[in-house]
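These notes are about the structure you will find just below.
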Amino acid sequence: MSDSSSTQSLALFGGVPVRSADRQWPTWPIFDDTERTALLEVLESGKWFYGERVAQFEREYAEFQGATHCVTCNSGTAAAEVVLQALGIGPGDEVIVPPYTFVATASSVLRVGAKPVFADVDDTWCLDPEKVAEAITPRTKAIMPVHFGGRICDMDRMNDIAAEHGIPIVEDACHAWGGRWVGKGAGTLGLCGIFSFQVSKNITAGEGGAIVTDNAELADMCRSITNCGRAVGAPWYHHVNVGTNARLTEFQGALLSCQIRRMGEQTLTRERNAAILNNALEKIAGLIPQRKSNRITRRAYHLYCLRIDADEFGCSREQFVAAANAEGWPVGAGYPLPLYAQPVFTNHPGRHGGGPCPMVENLCYRSAMWFGHEKLLATEEDMRDIIRIAEKIKSNVDTLRGWQG
């Protein structure tokens, strides 16, 4: 155990918490005069509409991820829908997705008239490639793995399966800005990748999204769809595709260019602090950090993910979370139910396939815990506090048994 605090009574039962109330965690988003100046420049220019600031960020983000093309749009949700439309996916088609992710991964499939097919995840919290292989049918038109929390899924095996069946991979990389798999950027490991810049995300403009790809034809089609169906280089009042208005504004482009300049250093800080946690927490019986891979050469962290084995640790997830929160560690229980148990799917059971998924149900109902990326921007001493809290709960676990809250 780290220090004597581990032998004290839990704060949940009146003991002194490891972290006092005046010890604050970093907040998000982070900004300074860089963003303030950039926004004022756009404001005073009078050029607020989809122009050079957006184009500049697209160039910067393509370079950042190692892609040839970047097409921005107004959300990660829109990015998913645009890509599926651009690939010609529609009624009668199937797309394999995980049920442990934000709803947009699956709802985007419904939005183009196709059917999401849920395949289970493994202990990486990402799609299990073998379950994907089992779920493929003649109607499968795409595989959409989610790099959950920033942990890139097994893209070597996934690409082998996709190539065997001639199916494109659309990476949902909405948690994986800056992540690298054997040196290649997330989103460039399949046919294309989608990203989100929503307010909680590691690069943010409040809302926003992007599609990255090395396929020029796909990039042009995605840009056309996001820009009301206009063809690249065509006259303004000339519409060749069924599109929508999913454009970014110049304000968002300016914000994102500022945010990306901090991204490299912030990614390294998160990675360094997560390593401190991984090395210590994996030594506590019953706590299981998200599985590592030596194929991941740069780990993006949108979430720090941790599982609890209640039998081995000695208390339930809900008891652990309550005790940790009382000690000053704001960890939560993650998604409360699999996507296929959401009303949008249970009310229309014929509109999806796959499931039930035992690993996802274990995550939702028993084992998953996580906290947000901004806390990984804290100090090494803050990480030591998390470790001390986990050790304190473990040493006092007998007092949690039977506690119902």
Original post:
Out of curiosity, is E94 acidic (D, E), within 29 Å of S224 (Cα to Cα) and outside the structural domain of H352 (by TED's automatic domain parsing)?
Top reply: yes
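Okay, residues lined up against (1) surrounded by 14 or more Cβ atoms within 10 Å (Cβ to Cβ); (2) hydroxyl-bearing (S, T, Y); (3) modelled with pLDDT under 95; (4) outside any helix (DSSP H, G or I):
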| site | (1), (2), (3), (4) |
| --- | --- |
| P17 | yes, no, no, yes |
| S20 | no, yes, yes, yes |
| Q24 | no, no, no, yes |
| A38 | yes, no, no, no |
Original post:
Under 6 Å by Cβ, and 6 or more places apart or on different chains, what pairs join a residue from segment 119-135 that is within 14 Å of S367 (Cβ to Cβ) and outside the structural domain of D172 (by TED's automatic domain parsing) with one that is of a type in the set (V, I, T) and surrounded by fewer than 24 Cβ atoms within 10 Å (Cβ to Cβ)?
Top reply: none
Original post:
Under 9 Å by Cβ, and 6 or more places apart or on different chains, what pairs join a residue from segment 240-261 that is assigned by TED's automatic domain parsing to the domain that holds I211 with one that is assigned to a strand (DSSP E or B) and of a type in the set (F, W, Y)?
Top reply: R247/F49; T249/F49; E250/F49
Subject >> Top-ranked residue in segment 349-385 [being farther than 15 Å from L306 by Cβ and hydroxyl-bearing (S, T, Y); ranked as surrounded by the fewest Cβ atoms within 10 Å (Cβ to Cβ)] >> reply: T379
Original post:
Do you know which residues across segment 175-209 are part of a loop (DSSP other than H, G, I, E, B), small (G, A, S), out of contact with any Pro (no Cβ under 9 Å at 6 or more places or on another chain) and within 15 Å of M155 (Cα to Cα)?
Top reply: A176, G179, G183, A186, G187
Original post:
Quick one: is D32 at pLDDT 95 or above, among the acidic types (D, E) and exposed (fewer than 13 other Cβ atoms within 10 Å of the Cβ)?
Top reply: yes
**OP:** Look at segment 345-359 and say how many of its residues are within 17 Å of V95 (Cβ to Cβ) and in contact (Cβ under 8 Å) with a residue 24 or more places away in the chain.
**Re:** 7
Original post:
Looking only at helices (runs of 4 or more DSSP H) that fall completely inside segment 254-369, which ones have 2 or more residues that are at pLDDT 95 or above and more than 30 Å from S108 (Cβ to Cβ)?
Top reply: 310-313, 317-327
Original post:
Applying the selection to segment 97-121, what residues are closer than 24 Å to Q290 by Cα and part of a loop (DSSP other than H, G, I, E, B)?
Top reply: P98, P99, Y100, T101, F102, V103, A119, D120
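The values are calculated or read from the model by the stated rules, or taken from the named source; none is laboratory data. All figures in this text were calculated on a predicted structure; none of them were measured in a lab. Virtual Cβ from ideal backbone geometry, glycine too; neighbours counted across all protein chains shown.
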